[in-house]
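The structure appears right after this line, and notes come after that.
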Amino acid sequence: MNCDDVTGDWINVKNSTMRITQDANSGLLTGGYLTAVQANTGDAGNGFRPVFGVYYQKIVSFTVLYPTSVTSFIGNCYEVNGKDLIHTTWLLDMQTSDYSQDWETKIVGEDIFTRVNGTYKWGSNTQEPLTDNPSNNLSIACTCSISIYILMMKHARVL
């Protein structure tokens, strides 16, 4: 295990689980995310939610799409005491139709994901990932991931 490829199963400190696949050539990430926390029952939808993002030089950025919100994570992958960790800061933005209430639709937090060695046994109350190959989940996720990747590469060249 190492942070050269983040493909695999991950679990965070709140027991949310994620299965992602990293494209070896582009660094694009696709997969599924199953949250263990939600403000109201049903907010996160049922089962795995689509994940898309990018991985570049141990920097990880991915977004999870929910029915009425979007959460974006950005952070770094580290190898610590023989374990792979992704330490992230996240931003959750919830849907609202009232502009005057927009200020309360955003939440910022921090999270640590640990790679699960072997095949993670998903709980009996969960659903399997959208497909066995998460990269086939949503064409829109691929389109968004490519846009994110292009922007990231343009920014990297400026530095």
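The values are calculated or read from the model by the stated rules, or taken from the named source; none is laboratory data. For clarity, every value in this text was computed on a predicted model and none was experimentally measured. When we count neighbours, we look across all protein chains shown, and the Cβ atoms used for this are built from the backbone with ideal geometry, even at glycine.
Testing Leu65 on (1) at pLDDT below 95; (2) surrounded by fewer than 17 Cβ atoms within 10 Å (Cβ to Cβ), one condition comes back false. Which one is that?
It fails just one condition, (2).
Return yes when Tyr55 is modelled with pLDDT of 85 or more, under 14 Å from Trp90 (Cβ atoms) and surrounded by 15 or more Cβ atoms within 10 Å (Cβ to Cβ) and no when it is not.
Taking the combined requirement at face value, the residue does not satisfy it.
Could you tell me whether segment 122-134 includes any residue that is closer than 14 Å to Ile20 by Cα, part of a helix (DSSP H, G or I) and at pLDDT below 90?
Checking segment 122-134: at least one residue is closer than 14 Å to Ile20 by Cα, part of a helix (DSSP H, G or I) and at pLDDT below 90.
Of Gly75, Gly53, which residue is assigned to a strand (DSSP E or B) and in contact with a Phe, Trp or Tyr (Cβ under 8 Å, 6 or more places away or on another chain)?
One residue alone meets the criteria, Gly53.
Taking segment 68-101, which residues are surrounded by fewer than 17 Cβ atoms within 10 Å (Cβ to Cβ), among the hydroxyl-bearing types (Ser, Thr, Tyr) and out of contact with any Cys (no Cβ under 8 Å at 6 or more places or on another chain)?
Thr68, Ser72, Thr89, Thr96, Ser97, Tyr99, Ser100
Please specify each residue of segment 78-111 satisfying the condition of being of a type outside the set (S, T, N, Q), part of a helix (DSSP H, G or I) and touching a Ser or Thr at 6+ places or on another chain (Cβ under 7 Å).
Within segment 78-111, just Asp102 meets the criteria.
Can you tell me which condition Gln38 does not meet? The list is (1) out of contact with any Ser or Thr (no Cβ under 8 Å at 6 or more places or on another chain); (2) modelled with pLDDT of 95 or more, and all the others hold.
Every listed condition holds for Gln38 apart from (2).
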